[in-house]
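Written below as structure tokens is the structure these notes are about.
The values are calculated or read from the model by the stated rules, or taken from the named source; none is laboratory data. Because the structure is a prediction, the values reported are computed rather than measured. Here the Cβ positions follow ideal geometry from the backbone for every residue, glycine too, while neighbour counts run over all protein chains shown. Just the protein is used for accessible areas: all its heavy atoms, side chains included, with ligands, DNA and RNA removed. Shrake-Rupley method; radii C 1.70, N 1.55, O 1.52, S 1.80 Å.
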Amino acid sequence: MRLLIISNMYPSIAKPYSGIFVKNQFEFLKKVDGIKTSIIHMERTFTGTFGSIMKYLNFYLRFFPHLFKKYDILHVHFFTVHFFMAYFYKILRPKTKVIVTFHGPEIYEAEGNGLIAKLLRFTSKKIDFCIAVGSNQLNVIKQIIHPKESKVLCAGIDKTKFYKIEGSKKEYDFLYIGSFYSMKGVDVVIDAIKILDDKNIRFCFVGSGEYLEKIKKLQKNYNISLFLNIDHNKLVEVYNKAKYLILPSRFDAFGLVITEAMYCGIPTIVSPTGGLKEQVTDNYNGWILKENTPQQLVSKIKEVYKQNDSEYKFFSENALNSNHDKSLEYVCNELVSIYKNLYASK
């Protein structure tokens, strides 16, 4: 079986974790017997509109030689304009099966009466199997493009990179990991810190984005640590040095950092959004806010900050024992099963 993975997101020096899950899946699938796996990808870099156009043109030019190669399965990550590559390939080779994994809000690009939306809906008829990273996301997908077959399957977390480090000293009470943008709710955390007005509570931020300067300003008055681009070795250390993870996203199809934290034994506080609440069992391995507001977050922070050692141990151990079906190994084995079934149906 010959498999080609197509993705417009892949790690780069500028963005080392952007699309890291695509790279992880590719590295895993390369080792699977009976599947010859290739990939064509576009690294994520900081560019303007012109730069983005040039990147996509280059991406299409690099894909052109693949039109003359025979693949049994095309697996497209993210449903955007680069899906047209798979569409054209499917026209040339109708027996090839096309799978699309939706990782975020890109399905909304196929909604409405715009030219791109209409083209995406039209070309989506060539999709043989649709994968969503969250059940809420899948419901939206089914309303917009009506896939033939579908499954909820997250991107997968590498348990060899995220694990509990015994004896790790807790240096941060609350940890935020993610882009510093409003969609991820970093402003909710910032406002909560201001309302708490407590210099004893230790916060840590990991990421980058438009709210960076506001976080730096907060550092002058509160106990805040800040990391920008760090590698996996450093990241797992930061997880293990934290007591709790906070992720108050306004939209998140899955939110990989939640299960990454849990694999390190870190309970999480999340907003009642999409894939976040699918990973957390309220008051068992973490907490789901009733409303995604700074006031609700402040209330929960005050509540869990008072936990004694035995109470914290309960939530930490539950986190460690959660979400085994979100591991990279589990996800890739499920993908192999999907590939084989589709190949057998050719």
Taking the condition more than 23 Å from ASN323 (Cβ to Cβ) and either open to solvent by 10 Å² or more (accessible area, probe 1.4 Å) or more than 17 Å from the chain's Cα centre (by Cα) (or both), does ARG250 pass? no
For LYS69, the lone unmet condition from (1) surrounded by fewer than 19 Cβ atoms within 10 Å (Cβ to Cβ); (2) of a type outside the set (S, T, N, Q); (3) touching a His at 6+ places or on another chain (Cβ under 9 Å) is (3)
Within segment 198-241, of all residues that are open to solvent by 50 Å² or more (accessible area, probe 1.4 Å), touching a strand residue (DSSP E or B) at 6+ places or on another chain (Cβ under 7 Å) and touching a residue at least 24 places away in the same chain (Cβ under 8 Å), the one nearest to VAL133 (Cα to Cα) is ARG202
Does at least one position in segment 300-312 carry a residue that is surrounded by 19 or more Cβ atoms within 10 Å (Cβ to Cβ) and not in a helix (DSSP H, G or I)? no
With the checklist (1) modelled with pLDDT of 95 or more; (2) open to solvent by less than 10 Å² (accessible area, probe 1.4 Å) in hand, flag the one item GLU260 doesn't pass. (2)
Can you name the number of the only condition in (1) closer than 15 Å to SER322 by Cα; (2) surrounded by 24 or more Cβ atoms within 10 Å (Cβ to Cβ); (3) at pLDDT 95 or above that TRP287 fails? (2)
Check segment 99-106 and report whether any residue there is among the aromatic types (Phe, Trp, Tyr) and either modelled with pLDDT under 95 or surrounded by 18 or more Cβ atoms within 10 Å (Cβ to Cβ) (or both). yes
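Results for (1) over 20 Å from the mean Cα position of the chain (by Cα); (2) more than 30 Å from PHE203 (Cα to Cα); (3) open to solvent by 70 Å² or more (accessible area, probe 1.4 Å); (4) among the acidic types (Asp, Glu), shown as yes or no for each residue.
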residue: GLU109; (1), (2), (3), (4): no, yes, yes, yes
residue: GLY114; (1), (2), (3), (4): yes, yes, no, no
residue: ASP128; (1), (2), (3), (4): yes, yes, no, yes
residue: ALA132; (1), (2), (3), (4): no, yes, no, no
residue: LYS142; (1), (2), (3), (4): yes, yes, yes, no
residue: THR160; (1), (2), (3), (4): no, no, yes, no
residue: ILE165; (1), (2), (3), (4): yes, no, no, no
residue: GLU171; (1), (2), (3), (4): yes, no, yes, yes
Test set (1) modelled with pLDDT of 95 or more; (2) open to solvent by 80 Å² or more (accessible area, probe 1.4 Å); (3) under 19 Å from PRO267 (Cα atoms); (4) assigned to a helix (DSSP H, G or I) - ASN341 fails condition number: (3)
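I need the full set of residues from segment 175-191 which are open to solvent by less than 10 Å² (accessible area, probe 1.4 Å), farther than 12 Å from VAL206 by Cα and among the aliphatic types (A, V, I, L, M), in order please. Before you say what the answer is, go through the steps one by one.
From segment 175-191, those open to solvent by less than 10 Å² (accessible area, probe 1.4 Å) are 175-176, 180, 185-186, 188-190; that's our starting set.
Okay, now just the ones that are also farther than 12 Å from VAL206 by Cα, so 185, 188-190.
Within segment 175-191, VAL188, VAL189, ILE190 meet the criteria.
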It is to be established whether one or more residues within segment 242-259 are among the polar types (S, T, N, Q), touching a residue at least 40 places away in the same chain (Cβ under 8 Å) and not in a helix (DSSP H, G or I). yes
